[in-house]
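No lab work stands behind these numbers, since they all come straight from the coordinates. Worth saying up front: this structure is predicted, and the values here are computed from it rather than measured. Here the Cβ is made from the backbone with ideal geometry for all residues, glycine too, and neighbour counts use every protein chain on show.
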Amino acid sequence: MAKDLDKDVKGQTKEIVDEIDRLLAKCGSGKTKLLSALIWLTDIRNRAPMNEVWTAWVDPKNMPARACVEAKLADPNALVGSWSSPRSDTRERSVSADLDAIFERNYARVEPYTLLMMAQVRSIFDRLVEVRELPGDCIEFGAFRGGLSFFLGLCIVDMGLAKRVAMLDSFQGLPPPDEALDAPFEQGTMASDLQEVLRVRAELGSTPW
Ligand SMILES: C[S@@+](CC[C@H](N)C(=O)[O-])C[C@H]1O[C@@H](n2cnc3c(N)ncnc32)[C@H](O)[C@@H]1O
């Protein structure tokens, strides 16, 4: 049921479909995966305005089996109630569990060698997942100790992708800083060492660089 029962039937229906969207998104699903929907109207004459909102919302290519009946609802101000059942896609769920495992394993390995926080690395990982079917390689400008490039390389191997990683760095640290933007850093801050980066690369094993 809608939370705001002062709304008319269209307003209540809109609130309900928005809530269905929110709940489906929360578990990685969406309205394209709805199998069935049950709709209760306290007055079946409200079917047309309810349908207006429903039809605008539902995915025409993936219409769920739908039943719409007149029934009494617990709150006398409720005009419409709905229940929907999404498809449980076990394959998608296991692919996403595999990806989570790849992320966690490889982030743990490279964490000492990157300045980035876990959420930033996860965001870059998610971009790699998005483009995994596209041709093209990865390049990092300003690799520092190489943690992020090594992370991408390890994930590329684990995901079986035909991509390579290139990493660039001056090994000089920051150039003359702009006081307004870079304070309190000084020239040379975050300088890394090529020998150290090569040592870490050897330690991490077979990676596509
Ligand atoms: C903030 S750190 C990069 C952090 C890194 N991405 C990580 O995951 O930890 C910036 C790096 O950029 C490098 N750098 C700065 N100016 C550069 C330039 N003009 N060309 C190449 N590397 C540069 C620095 O030596 C430093 O290692």
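I'd like the distance separating the alpha-carbon centroids of the range 12-51 and the range 105-161, in whole Å. Cα centres, the range 12-51 to the range 105-161: 39 Å. For the chain, the residue among Cys155, Leu168, Cys138 whose Cα projects farthest onto the positive side of the dipole built from Cβ charges is Cys155. Near Phe144: Cβ cut-off under 11 Å, other residues only, Lys/Arg at +1 and Asp/Glu at -1. The net charge is -3.
Percent of Cα-Cα pairs more than 17 Å apart in the range 95-204, please.
Summing the P(r) of the range 95-204 above 17 Å gives 57 percent of all pairs.
So which trypsin sites (Lys or Arg not before Pro) in the range 100-209 pass both tests, a DSSP loop state and at most 15 other Cβ atoms within 10 Å of the Cβ?
Passing both the DSSP loop test and the Cβ count: Arg132, Arg164.
Counting lysine pairs in the range 9-90 whose alpha carbons fall under 26 angstrom apart, excluding pairs fewer than 8 residues apart on the same chain, gives 13. Placing dummy labels 7 Å off each Cα toward the beta-carbon, the span from Met117 to Ser85 is 4.2 nm. Dipole size of the range 95-204 about its Cα centre, with +1 on Lys/Arg Cβ and -1 on Asp/Glu Cβ: approximately 400 debye, rounded to the nearest 20.
On a per residue basis, the convex hull of the C-alpha atoms belonging to the range 21-89 measures out at 97 Å³.
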